[in-house]
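Since the structure comes first, as structure tokens, the remarks are kept for the end.
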Amino acid sequence: MESINVNESIVKNADFTEEIGIESGQPVQKCYQCGKCTAGCPLTFAMDYKPNQVIRMVQLGMKDELLKCQTIWICSNCSTCTTRCPCNVEVAEVMGALRIMAGKSGTTPPGKAKYVEVMYDALLGTVERFGRTYEVGLVMQNNLKSGKLFNNADMGMPMFQRGKLKLLPTKVQGAAEVARIFAEVRKMEGGVK
Amino acid sequence: MRYAYFPGCSYHGTGKEYELSTHAVAKKLGMELVTIPDWSCCGATASHGKSHLLNIALPSRNLGIAEGMGIGEVTTGCAACYQQLANANKKMIENEDLRNKVNSITGKPYKGTLKVKSIVEAIGIVDPETIKSQVVKPLTGLKVACYYGCLLVRPPEITGFDDPENPMFIDNIMKLAGAEVLDWAHKTECCGASLGVSNLDVAVRMIDRILAAAVESDADCIAVACPFCHLNLDWHQKSVNRKLGKSYDIPVFYFTELLGLSMGISPDELGFKTHFTDTKKVLSVVG
Amino acid sequence: MAKRIGLFICWCGSNIGGVVDVPRVVEETKNYPGVAFATDYKYMCSEPGQNLIISKVKEHNLDRVVVASCTPMLHEPTFRKAIARAGLNPYMFDMANIREQCSWVHSNDKEAATQKAIALVKRALAKVSQVEPLFESSIPITKKALVVGAGIAGIQVALDIADSGHEVILLERESTIGGNMVKLDKTFPTMDCSACISTPKMVQAAQHPNITIMTYAELVDVQGYIGNFEITIKQKARYVDHTICTGCGLCTEKCPTKVLSSFELGMGKRKAIYIEFPQAVPNKPVIDPDNCRYLKNGKCGICKKLCPVGAVDFEQKDELIEEKVGAIVIATGYDLIKWEEIYGEYGYGRFKDVITGLQFERLVNASGPTNGLIQRPSDGKEPKTVVFIKCVGSRDEAKAKEYCSRACCMYTAKHAHQVIEKIEGGHAYIFYMDVRTPGKAYDEFYRRTVDEGAQYIRGRVSKIYQSGDKLVVMGADTLLGSAVHIEADLVVLATAMVPTEGSEKIAQLAGVNIDKDGFFIEAHPKLRPVETMTGGVFLAGACQGPKDIPDTVSQASGAAAKVAALLSNEEMATDPMICHIDEKMCSGCLVCKEVCPYKAISEKTITERIAGQPVERMVASVNTGLCQGCGNCTVACRAGAANLKGYTNLQLLSEVDALCR
Ligand SMILES: Cc1cc2nc3c(=O)[nH]c(=O)nc-3n(C[C@H](O)[C@H](O)[C@H](O)COP(=O)(O)OP(=O)(O)OC[C@H]3O[C@@H](n4cnc5c(N)ncnc54)[C@H](O)[C@@H]3O)c2cc1C
Ligand code: SF4
Ligand code: SF4
Ligand code: SF4
Ligand code: SF4
């Protein structure tokens, strides 16, 4: 990393820091960088920035780096960090707020993170269409979009044999109602894919 | 006890055994599970990453329908659905502005009068004597590692019925079923289910840790309370073996399956046949 | 008689004069009713300033005085003394603060500052027109002190007071004095042996002619006030007559009942009849009634049969002892936070080899349960890899305490040093957030530990779990930017110091306050650190906040000096600005009694003549020794019978009048 012009970053992105604080509902300024979140996080091995670094970067207004990092997508929302933070910072909520902001900003997450976003979209896509998640569709769509055609495919057959994959989606009667929820949210918030 | 029951999207797919065994066990315990009519997806953890509003609105539609059923409590087996419903319930009760906004778009306004319980809690609070009286084939000698994962117990402000660091609800139920429960290290470590589809390479490393701890504690099987956890630990066990050169073969059950077994319900009825790992081992221990 | 007020307005150099138009203030106020003389002066508090007041009082036959200058906190006593020298009652006086309240806060609006000064002077003039002479009274002093708690703080206080010639009762609830310090092995930063420096003090206290040690005893009641407390102490039954016991130890040797020793923090055993440790003071046993077979079910009695002097007495009962003292020092110390109830991620105490720092002290202590060999509790093996975790329960607002416990950074460095020194091939890893070593020779000590090979890792630990016979410690190294883990043989937690159990009750008895964490509150955090807001009650040691030994001992000596100063008087003056009850107006409702935080109000019966007949009725009565003049009662009294002398309802109203005019 290059030397960071701290005051410029903080001043330039004060809005960003504030917005993440509000959207996540978390007092990010309280974090004293003890690292307990990182120490307990099950996914640090796959993250580019560690959870405590993410919080630090929010404090310093490092918006660009955060919105295109993998960590916020890799985070499984397990809330181990939240449960143990001594400063009452719900780190998982901060991750969530960053995820939402990154999604809306339209940046494609790099590396592994890309598939996570694709999967989220696929999942919600089936919900919007049918009112419920449609598992076969989800797996296939995900594989197509992410370009990993055979990911999980070798598992698909045994699953099908056990009657665990339905080939046809079940549609909720109120599917239109669910679709309307998506539409309204999009109207209110904009940017939800 | 009557509950409005939310099956969750995996109910007749990946979580089939859970659905079967939950209903079978509930019947034995005199619990009435009334399915929420025309329920829809709660958004699981995907909407959490997309929009705060959507994340509340999707479960709230279901809460709104459930409220109309005139049953005060909602329960669900899936830990992810449970967390979604509990979270939305808390926010809808606490935040009037949000409630109004959400109600304006779901078509099923929710006033905020319900309690949301995980099926683990719902069964866990049944009088122990009632459970014991139904146990006809105690799981004597079966060493069970009870696995809670994340969403059932965290964050405690939303879940809160059990200790987030050393939860005991499933353990206590398994004890009543006659099993030996183990104090093991990874009860609440995340299994990475949310990455199981998108990043299996990452997920297998998380699954590996949990399976290793269960095996180290000398468990005969793992008991779970979430279709996602089950999918990950059961289905993906092969992937772990293949990708990481391991040779795990530890059966993974829904806690309701094991409880049902102790109540004399036939393994087929509980869905033992559709597991990916070998369930015969356990059946032979129990006899 | 007409009032003759003298008004003196101060420039305070340019402090006031640079903003407030002082001559104009004089001009605008000198004709206020009652003012007989008015002037201004550069520095009223100076010697010539004071002399000016004295000469003008005499010259103009003034009977009361107003000075408009700085805050009364600073110079009210100065001016009171000045008018007393001029022959007036010192309470025939009031002050207007035209510096802090005018020139300093309104320096950019001179006109407003001047207007406000005029108003404030008029207020003071209104008030002073209403004042009456007040007289200090005096009460005798009981020249004896009570010290509650006999850790190093209590012992030091007792010794210092005793050395200054006053009697001291040193009260301790355990069977021996010494507190936590005698459990320690070595003490930082000089590493002298804790017992070697503290047990001589214990013996000194036991032998001091002015000190009476009462162990196995509790404070159960406090009445009275500064200089005149009446206390009740419960001497718990020891079942051993200490007046004849020789301390031979035969009984403790032969008693068949073994229980876990609380002195060894659960890591060693003691008998049902026991002496806590070899150098205990008094060095005589007590019987633990919860575990003694005879006291529980009438069987055994071996100790009684064996005792050569017949000291064992199963019939002994608790005893109440009443005493009078002039001062009380609270020195009840600390406990370690009950981490087992809070930290599930560290195993809730399920893992035997996760211990506290204090337990570690016992493990390295030559007179401890392992004779000074560091052996882990689970299997008695010598641990090679020892992990220390700092700030457990401290600086954790989510789960425990917000504050820093102050001593743990240093004692953890000490422990790490001991691991490296005592265990061959031993490794010490310390998870820390900050290293706080602001004492004399402290940082040098810490740096030396690092030089010796202690690995400091900056990060908190998220979880500990057992894996085989190792404990896996999952931490972070934030400097590295990575999660890290260590497979440890022993984990030592530097747990937070919290006020000892029962502090709240002591606070209630002595009428002093505790803070949100339960520590006793000093009268002023900087300027009155050993006093409390209740006269005659003082604080020493860790009961006031986490402290190490040097700080504890200094504070103890400070408290002792305050006590000695108090007890060196035969009698003491009381503040005259206290509550007065107008019995004629009092309806006897006693609301005042409930709101008085100092328990100064009681009921009394008076006899009145109504229509020629004597009628008895109840009224409130103020104990002038206890009343601190807080004024709570005057607000609560519906009849307006309670009045604070020097701040009567009438005086306050006339001030409001003057300001609103
Ligand atoms: C692990 C550890 C290591 C330490 N190492 C060092 C070190 O190396 N150097 C150093 O300077 N400091 C060290 N300290 C700090 C040191 O222990 C304290 O500074 C010191 O003991 C405080 O003394 P105290 O008298 O105020 O309290 P305590 O030692 O707690 O004494 C209080 C006494 O009051 C008694 N008591 C309590 N309540 C009542 C009651 N209601 N009635 C009657 N009696 C009562 C208690 O029984 C006890 O005897 C260490 C602390 C810990 C935890
Ligand atoms: S645990 Fe909390 S305080 Fe510690 S680094 Fe993480 S967010 Fe910051
Ligand atoms: S919620 Fe995300 S950041 Fe927090 S511990 Fe879980 S995976 Fe790590
Ligand atoms: S009577 Fe009690 S104290 Fe005495 S020897 Fe027996 S058990 Fe021990
Ligand atoms: S003294 Fe050090 S270890 Fe103790 S609470 Fe303070 S910072 Fe933490």
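The values are calculated or read from the model by the stated rules, or taken from the named source; none is laboratory data. These figures come from a predicted structure and were not determined experimentally. Ideal geometry is used to build each Cβ from the backbone, glycine not excepted, and the neighbour counts take in all protein chains shown.
Key figures
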| read-out | value |
| --- | --- |
| Residue among C:VAL591, C:VAL553, C:VAL512, C:VAL563 that alone is in contact with a helix residue (DSSP H, G or I) (Cβ under 6 Å, 6 or more places away or on another chain) and closer than 20 Å to C:VAL222 by Cα | C:VAL563 |
| The stretch B:54-100, subset of a type in the set (D, E, K, R) and out of contact with any helix residue (DSSP H, G or I) (no Cβ under 6 Å at 6 or more places or on another chain), residue surrounded by the fewest Cβ atoms within 10 Å (Cβ to Cβ) | B:ASP97 |
| Matching residues in the stretch C:269-278 - criterion: being surrounded by fewer than 20 Cβ atoms within 10 Å (Cβ to Cβ) and modelled with pLDDT of 95 or more | C:LYS269 |
| Residue within the stretch B:114-134 that is within 14 Å of chain C (Cβ to nearest Cβ), of a type outside the set (S, T, N, Q) and not in a loop (DSSP other than H, G, I, E, B) present | no |
| Residues satisfying the stated conditions in the stretch C:284-326, i.e. free of Cβ contacts under 8 Å to residues at least 60 places away in the same chain and within 16 Å of ligand 1 (Cβ to nearest atom) | C:ASP288 |
| Residue satisfying all of: in the stretch A:103-116; surrounded by fewer than 24 Cβ atoms within 10 Å (Cβ to Cβ) and within 9 Å of chain B (Cβ to nearest Cβ); farthest from B:ASN55 (Cα to Cα) among these | A:LYS112 |
| Subset of the stretch B:6-27 (residues that are crowded, with 24+ Cβ neighbours inside 10 Å and either within 12 Å of chain A (Cβ to nearest Cβ) or under 13 Å from the mean Cα position of the chain (by Cα) (or both)) | B:PHE6, B:GLY8, B:CYS9, B:SER10, B:TYR11, B:GLY15, B:GLU17, B:TYR18, B:SER21, B:THR22 |
| Where B:LEU200 falls short, out of the listed (1) in contact (Cβ under 8 Å) with a residue 40 or more places away in the chain; (2) over 23 Å from C:SER467 (Cβ atoms); (3) out of contact with any Ser or Thr (no Cβ under 9 Å at 6 or more places or on another chain) | (3) |
| Residue in the stretch C:512-523 that is touching a residue at least 24 places away in the same chain (Cβ under 8 Å), in the same structural domain as C:GLY349 (by TED's automatic domain parsing), away from ligand 3 (no atom under 16 Å from the Cβ) and in contact with a Ser or Thr (Cβ under 8 Å, 6 or more places away or on another chain) present | no |
| Matching option when the condition is within 14 Å of chain C (Cβ to nearest Cβ) and either away from ligand 1 (no atom under 16 Å from the Cβ) or buried (at least 24 other Cβ atoms within 10 Å of the Cβ) (or both), among B:SER198, B:SER217, B:SER239 | B:SER217 |
| Cross-chain or 6+ apart pairs with Cβ under 9 Å, the stretch B:270-287 first and within 12 Å of chain A (Cβ to nearest Cβ), then among the hydroxyl-bearing types (Ser, Thr, Tyr) | B:GLY271/B:TYR18; B:GLY271/B:SER21; B:GLY271/B:TYR254; B:PHE272/B:SER266; B:PHE272/B:THR279; B:LYS273/B:THR279; B:THR277/B:TYR248 |
| Count of residues meeting criterion [over 18 Å from C:ARG123 (Cβ atoms) and either hydroxyl-bearing (Ser, Thr, Tyr) or in contact with a Pro (Cβ under 6 Å, 6 or more places away or on another chain) (or both)] in the stretch C:33-82 | 7 |
| Residue satisfying condition, being over 30 Å from C:GLU340 (Cβ atoms) and among the aliphatic types (A, V, I, L, M), within set B:VAL102, B:VAL153, B:VAL144, B:VAL120 | B:VAL102 |
| Members of the stretch A:23-43 that are at the interface with chain C (Cβ under 9 Å from one of its Cβ atoms) and buried (at least 23 other Cβ atoms within 10 Å of the Cβ) | A:CYS34, A:GLY35, A:LYS36, A:CYS37, A:THR38, A:ALA39, A:GLY40, A:CYS41 |
| Residue list for the stretch C:594-645, restricted to those being within 25 Å of the chain's Cα centre (by Cα) and not in a loop (DSSP other than H, G, I, E, B) | C:GLU594, C:VAL595, C:ILE601, C:ASN632 |
| Failed item in (1) closer than 14 Å to C:LEU146 by Cβ; (2) surrounded by fewer than 17 Cβ atoms within 10 Å (Cβ to Cβ), with C:GLY227 passing the rest | (2) |
| Of residues in the stretch C:352-375 being closer than 23 Å to C:GLY475 by Cα and touching a helix residue (DSSP H, G or I) at 6+ places or on another chain (Cβ under 8 Å), the one surrounded by the fewest Cβ atoms within 10 Å (Cβ to Cβ) | C:LEU358 |
| Within the stretch C:334-426, strands (runs of 3 or more DSSP E) holding 3 or more residues that are away from chain B (no Cβ under 14 Å) and within 16 Å of ligand 5 (Cβ to nearest atom) | C:334-336, C:385-392 |
| Considering residues of the stretch B:115-136 that are under 20 Å from the mean Cα position of the chain (by Cα) and of a type in the set (A, V, I, L, M, F, W, C) only, the residue farthest from B:GLU257 (Cα to Cα) | B:VAL116 |
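Residue by residue, here is whether (1) polar (S, T, N, Q); (2) surrounded by 21 or more Cβ atoms within 10 Å (Cβ to Cβ); (3) modelled with pLDDT under 95 holds:
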| position | (1), (2), (3) |
| --- | --- |
| C:LYS422 | no, no, no |
| C:ALA441 | no, no, no |
| C:ARG458 | no, no, no |
| C:SER462 | yes, yes, no |
| C:LEU479 | no, no, no |
| C:VAL491 | no, yes, no |
| C:PRO499 | no, yes, no |
| C:GLU504 | no, no, no |
